[in-house]
Amino acid sequence: MCAAALAALTAVPAQAHAPRHPVPHWELKDSGSPDVRFRGLSAVGRDTAWVAGTAGTVLRTTDGGSSWRNVSPPGAADLQFRDIEAFDARRAVVLAIGEGEASRVYRTEDGGATWTESFRNTDAKAFYDCLTFFDRRHGLAMSDPVDGKFRILSTSDGGRSWKVLPSAGMPAAQDGEAGFAASGQCLVSSGPKDVWLATGGAARARVLHSADRGLTWTAADTPIPAGDPARGVFALAFRDRTHGLAVGGDYRADQPSQRSAAVTGDGGRTWRGAATPPPAYRSGVAWLPHSRTAALAVGPTGTDLTTDGGRTWRTVDPGSYDTVDCATGLGCWAAGEKGRVARLEN
């Protein structure tokens, strides 16, 4: 098991002999794009993954990262892609962030050979950060607050068309509250109807939860520090509709992030801080496949592992990554600055 091997890795003393069997580790894959920062990532499996990033770049691999095909939408070089959700090797939906018309959604059904722009934001007050899908048809995207409430965009046809949901069921946003478009994980779902939204920048870092695909929401405070535009919850991961992880902190390199992780066991109604959190800001988090207790968190200063459901974390790799994603078939990937893309290897 991937999680068991990673746990063994953290228990090996530095002076111990090399293990008889190799343990999982990040293996860098040459993306061929050293000038791109990849904050959008979708792991389909061990062989197939999609990444999306700066300069309107979208790459896809179908051979485990040995080669990457540039499948960027034409005319998108001025856009910043921050989230991508792929259903398989051919179908994917990608989100561009920014004020006004810079926020867009594109969709492909042929592995990126062609793209269709399915949404372009026309409200100057909206700024879309993240998207998620419950299944191949139903998905949501979220914008920073418009007129005092987070805005939710919905699709029921796989991203071909989108509509803004009514805001009546959304609680009021705090002053300065927003989402972080740092890893494509500020809006995540689990199962057919449950979805969670991470916030920061305000007096309290919160997680909002909806059990009806975004129609009505409840808000819960987290112990992750906020009170500054650079602080809050940056990423969420739920392995089912009750067990979730939150990571974040302060993204400024010269600022500490002592309470950078929290955990919930009741679907996000309450959150408690990790007893031993990651030592610094973390922007991405993912449960390891087929494990109820193991997960990875990533950030600019390293990767951390938990084997007890998020209560304690230990750094296992010093490399810089912004986002992490795991597919059900034990395919875990990470991506970040300077074109860095890696796959978890045994």
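Out of the residues in region 67-82 meeting the condition of being outside any loop (DSSP other than H, G, I, E, B) and closer than 17 Å to Glu337 by Cβ, tell me which one is farthest from the chain's Cα centre (by Cα). Quick ask: steps written out before the conclusion?
Just the residues of region 67-82 that are outside any loop (DSSP other than H, G, I, E, B), to begin with: 69-70, 80-82.
Remaining after also requiring closer than 17 Å to Glu337 by Cβ: 80-82.
Working: Gln80: 15, Phe81: 13, Arg82: 9 Å.
Checking each candidate, the answer is Gln80.
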Tell me yes or no: at least one residue of region 127-150 is surrounded by 19 or more Cβ atoms within 10 Å (Cβ to Cβ) and farther than 28 Å from Arg241 by Cβ. yes
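Considering only residues of region 214-256 that are of a type in the set (Lys, Arg) and in contact with a strand residue (DSSP E or B) (Cβ under 6 Å, 6 or more places away or on another chain), which is farthest from Asp308 (Cα to Cα)? Working first, answer last.
Within region 214-256, the subset of a type in the set (Lys, Arg) is 231, 239, 241, 252.
Checking the rest, the ones that are also in contact with a strand residue (DSSP E or B) (Cβ under 6 Å, 6 or more places away or on another chain) come to 231, 239, 241.
Working: Arg231: 25, Arg239: 14, Arg241: 18 Å.
For region 214-256, the residue satisfying everything is Arg231.
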So, in region 108-136, how many residues would count as being among the small types (Gly, Ala, Ser) and more than 28 Å from Lys149 (Cβ to Cβ)? 3
Breaking point among (1) surrounded by 21 or more Cβ atoms within 10 Å (Cβ to Cβ); (2) touching a Leu at 6+ places or on another chain (Cβ under 6 Å); (3) among the aliphatic types (A, V, I, L, M), for Val316: (1)
Unique match (being at positive phi, without any contact (Cβ under 8 Å) to a residue 60 or more places away in the chain and part of a loop (DSSP other than H, G, I, E, B)) among Gly249, Gly176: Gly176
Of the residues Ala334, Ala327, Ala295, which single one is farther than 20 Å from Arg82 by Cα and either surrounded by 24 or more Cβ atoms within 10 Å (Cβ to Cβ) or under 15 Å from the mean Cα position of the chain (by Cα) (or both)? Ala295
Number of the condition not met by Pro192 [criteria: (1) touching a residue at least 40 places away in the same chain (Cβ under 8 Å); (2) crowded, with 19+ Cβ neighbours inside 10 Å]: (2)
In region 98-117, is there at least one residue being touching a residue at least 60 places away in the same chain (Cβ under 8 Å), surrounded by 15 or more Cβ atoms within 10 Å (Cβ to Cβ) and part of a strand (DSSP E or B)? no
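Working only within region 318-346, note down all residues that are among the β-branched types (Val, Ile, Thr) and at pLDDT 95 or above.
Thr323, Val324, Val341
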Filtered residues of region 310-334 (kept if in a strand (DSSP E or B) and within 12 Å of Ala286 (Cβ to Cβ)): Thr323, Val324, Asp325, Cys326, Cys332, Trp333, Ala334
Only one of Asp254, Asp308 that is without any contact (Cβ under 8 Å) to a residue 12 or more places away in the chain and acidic (Asp, Glu): Asp254
Considering only residues of region 161-192 that are out of contact with any strand residue (DSSP E or B) (no Cβ under 8 Å at 6 or more places or on another chain) and not small (Gly, Ala, Ser), which is nearest to Glu85 (Cα to Cα)? Pro192
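Please work out which residue is surrounded by the fewest Cβ atoms within 10 Å (Cβ to Cβ), limiting yourself to region 195-228 and to residues that are among the polar types (S, T, N, Q) and within 13 Å of Met142 (Cβ to Cβ).
Initially, region 195-228 is screened for residues among the polar types (S, T, N, Q), giving 199, 210, 216, 218, 222.
Subsequent filtering for residues that are within 13 Å of Met142 (Cβ to Cβ) retains 199, 210.
On the way: Thr199: 29, Ser210: 22.
In this case the residue turns out to be Ser210.
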Qualifying residue in region 249-259 (condition: surrounded by 21 or more Cβ atoms within 10 Å (Cβ to Cβ) and over 21 Å from Arg37 (Cβ atoms)): no
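Each row is one residue, and each column tells you yes or no for (1) closer than 19 Å to Gly319 by Cβ; (2) surrounded by fewer than 17 Cβ atoms within 10 Å (Cβ to Cβ); (3) in contact with an Asp or Glu (Cβ under 6 Å, 6 or more places away or on another chain); (4) not polar (S, T, N, Q).
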site	(1), (2), (3), (4)
Asp35	yes, yes, no, yes
Arg39	yes, no, yes, yes
Thr57	no, no, no, no
Trp68	yes, no, no, yes
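Consider Gly227 carefully, then state whether it is under 24 Å from Ser154 (Cβ atoms), of a type in the set (Gly, Ala, Ser) and not in a strand (DSSP E or B).
Details: under 24 Å from Ser154 (Cβ atoms): no; of a type in the set (Gly, Ala, Ser): yes; not in a strand (DSSP E or B): yes.
No, not satisfied.
Name the one entry in Pro289, Pro278 that is in a loop (DSSP other than H, G, I, E, B) and surrounded by 24 or more Cβ atoms within 10 Å (Cβ to Cβ).
Numbers: Pro289 fails: surrounded by 24 or more Cβ atoms within 10 Å (Cβ to Cβ).
Of the residues listed, the single one that is in a loop (DSSP other than H, G, I, E, B) and surrounded by 24 or more Cβ atoms within 10 Å (Cβ to Cβ) is Pro278.
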Output yes when any residue across region 123-133 is free of Cβ contacts under 8 Å to residues at least 40 places away in the same chain, touching a strand residue (DSSP E or B) at 6+ places or on another chain (Cβ under 8 Å), among the small types (Gly, Ala, Ser) and part of a loop (DSSP other than H, G, I, E, B), and no when none is. yes
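The values are calculated or read from the model by the stated rules, or taken from the named source; none is laboratory data. What you see is a predicted model, and the numbers here were worked out from it, not measured in a lab. Neighbour counts run over all protein chains shown; Cβ positions are idealised from the backbone, glycine included.
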